[in-house]
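Below is one structure, written out as structure tokens; comments come after it.
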There are 2 protein chains.
Amino acid sequence: MKSEGMSDASGVMTEEVPQAIGKRRQIRPRAERRQQLIDATIRCIAQHGLSKVTMQMVTSEAGLSVGIANLHFQSKDNLLKETLRFVAEEYHGGQIEIMEGSDIPDLGERLDALLDFQLGRGVTQRQKMSVWFAYYGEAGARPVYQKIVSTVDRLAAQKLETLFAEIIQQGGYTDVEARELATGYSALIDGLHLGLLVTPRELTKRRARAVARDFLRRAFPKHVGGVALRSTVFSQR
Amino acid sequence: MKSEGMSDASGVMTEEVPQAIGKRRQIRPRAERRQQLIDATIRCIAQHGLSKVTMQMVTSEAGLSVGIANLHFQSKDNLLKETLRFVAEEYHGGQIEIMEGSDIPDLGERLDALLDFQLGRGVTQRQKMSVWFAYYGEAGARPVYQKIVSTVDRLAAQKLETLFAEIIQQGGYTDVEARELATGYSALIDGLHLGLLVTPRELTKRRARAVARDFLRRAFPKHVGGVALRSTVFSQR
DNA sequence: ACCCAGAATGAATGAATATTCATTCTTTCG
DNA sequence: CGAAAGAATGAATATTCATTCATTCTGGGT
């Protein structure tokens with residue numbers, strides 16, 4: 001980076017000001033740098049799309065030099081793979097924690113918490129969603145991605161089925177089947193995420209929640225309360 | 001395809017046999033070539049993933065020379081855009097045709113036909129799904145894609161809502177709201193497609209259908225029949 | 001038969017990009 | 001303090017790929 005060679009006499013701006021004067025090379029442990037790069041990758045994918053992401057883009061987003069991604073991840077492919085793994089584990093881990101949640105004894109409330117987690121959050125959540133679906137798009141062609149996703153997915157699905165089964169037993173519901181419902185609910189949530197991502201104009205987060213809640217209410221009327229979104233309305237017109 | 005080129009005579013493979021001996025340059029109208037290239041693009045995306053698709057790949061899949069894609073589509077970006085438009089219009093067009101379907105007077109049967117269209121078909125369907133989601137993955141970063149999808153999407157959503165409203169009226173269902181249900185159903189189908197694409201081991205097409213039917217049955221019990229995996233359902237007398 | 005508009009080709013070009021690695025810098029530990 | 005370990009840098013390299021365009025070929029019109 002040019003280092004100390006002070007800018008030539010001309011007071012005009014030259015092409016590459018060395019990014020602030022205080023910028024010093026920092027040495028940090030491997031794990032930290034890896035996370036930093038993964039975070040940068042997530043932002044890049046969300047902003048530019050998976051197919052447009054370059055190493056330059058990622059490393060400069062992370063505020064580091066080009067070579068560093070290969071230093072810590074060997075290759076771009078591997079960086080992308082690890083990024084997917086991170087997002088997948090974070091999302092599914094969060095769900096599982098809630099579903100196991102001995103801290104929320106009431107099953108109905110636990111459902112609510114799950115829904116909040118799945119459809120809540122702000123910008124960050126939107127970034128994660130982008131990443132999520134970017135990989136889905138490639139998954140048909142890349143078994144590695146399928147494997148990563150389906151591994152964590154299977155566990156979450158199992159937990160959800162168990163939760164539903166408990167609710168069914170507790171409520172004495174008939175004519176519902178835990179496994180089928182769990183598949184349906186998961187698919188519904190995925191589909192709503194898609195809608196939020198692609199047609200944010202048509203589908204607000206608020207409405208997405210209402211729709212998901214509706215699904216649950218129809219299956220478990222005794223556990224899932226009424227409209228609950230404030231005093232929402234009969235103002236459907 | 002491949003035209004008549006019979007399998008080679010020479011047992012040895014040389015590097016670049018000019019693609020069969022009988023291959024003659026063929027001149028075809030613009031529209032036909034465009035479709036041929038779009039079809040090839042779909043296959044390439046399904047097989048290699050959107051981010052790995054190259055012009056070489058597409059044109060050779062179509063059995064044509066490299067330059068031709070730029071001749072008919074100006075640029076790779078545009079080819080991809082037109083491919084998305086084609087898939088989107090085909091999918092949504094098919095749905096709309098069924099939903100308007102004056103050829104199926106019974107509303108319950110019309111629902112069945114819709115479900116068949118959405119979750120039926122074979123390999124082709126899987127290819128289309130790949131394309132579909134590949135673009136969804138980029139949509140967060142590319143307004144053009146959002147626009148294409150949401151344009152056709154909005155129309156289909158409206159038709160679905162209308163159909164649901166008719167069914168609600170006919171069945172005298174209370175406690176269901178057409179708009180909300182339509183959003184939910186669309187999301188559910190999208191989510192099931194995702195599942196079929198990414199975790200085909202866990203979710204078979206058969207089960208996906210059952211889950212979707214379950215959703216409809218819970219909303220419209222008089223119109224959607226029991227487990228019957230075949231489509232013929234008698235409902236509402 | 002012969003012309004020629006325009007369809008098709010594919011070698012060549014240049015831009016973009018992943019990866020390497022010699023060098024520079026920071027920190028730690030004796 | 002001095003030196004070793006290894007983290008970080010970024011110029012250089014090799015590759016891949018979209019796009020161009022001079023040239024070749026086809027088929028319908030006359």
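The values are calculated or read from the model by the stated rules, or taken from the named source; none is laboratory data. Being a predicted model, the structure only gives us computed values, none of them experimental. Counting neighbours? That spans all protein chains shown, and the Cβs are built from the backbone with ideal geometry, glycine included. All accessible areas refer to the heavy atoms of the entire protein, side chains included, with ligands and DNA or RNA removed. Shrake-Rupley method; radii C 1.70, N 1.55, O 1.52, S 1.80 Å.
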Per-residue ³J(HN,Hα) for the range A:101-114, Karplus 6.51 cos²θ - 1.76 cosθ + 1.60, θ = phi - 60°, Hz, x for Gly and Pro: x, 6, 6, 10, x, 6, 5, x, 5, 5, 4, 4, 4, 4
Inter-chain Cβ neighbour average for residues B:145-154, partner chain, 10 Å: 3
Normalised convex hull volume, the range A:102-159, alpha-carbon set, Å³ per residue: 99 Å³
FRET efficiency, 1/(1 + (r/R0)^6) with R0 25 Å, evaluated for A:Asp77 and A:Asp39 via beta carbons: 0.85
About the Cα centre, charge dipole magnitude for the range A:60-177 (Lys/Arg +1, Asp/Glu -1 at Cβ), debye: 740 debye
Inter-copy separations for B:Arg126, label at 7 Å along Cα-Cβ, nm, ascending: 3.6
Percent accessible area from carbon and sulfur atoms, the range A:81-219, protein chains only, probe 1.4 Å: 48 percent
The range B:81-237: radius of gyration and largest Cα-Cα distance (Dmax), Å: 15.7, 50
Label-to-label distance, nm, for residues given as B:Gln169 and A:Glu109 (7 Å Cα→Cβ offset): 4.5 nm
Calculated diffusion of the range B:18-74, Stokes-Einstein form, Kirkwood radius summed over Cα pairs, 20 °C and 1.002 mPa s, µm²/s: 181 µm²/s
Charge dipole magnitude, Cβ of K and R +1, D and E -1 - the range A:25-74, Cα centre, debye nearest 20: 120 debye
Cα point-scatterer Debye curve for the range B:31-163, base-10 log of I(q)/I(0) at q = 0.10, 0.12, 0.16, 0.22 Å⁻¹: -0.37, -0.52, -0.84, -1.28
Net charge over other residues, Cβ less than 14 angstrom from the Cβ of A:Ser102 (K, R count +1; D, E count -1): -4
In order through the range B:147-157: 3J(HN,Hα) via Karplus (6.51 cos²θ - 1.76 cosθ + 1.60), integer Hz, x for Gly, Pro: 5, 4, 5, 5, 4, 5, 4, 4, 4, 4, 4
Among the listed pairs A:Lys128/B:Lys205; B:Lys52/B:Lys81; B:Lys128/B:Lys159; A:Lys81/A:Lys147, those beyond 20 Å (Cα-Cα): A:Lys128/B:Lys205; B:Lys128/B:Lys159
Residue mean of other protein chain beta carbons inside 10 Å, B:177-186: 5
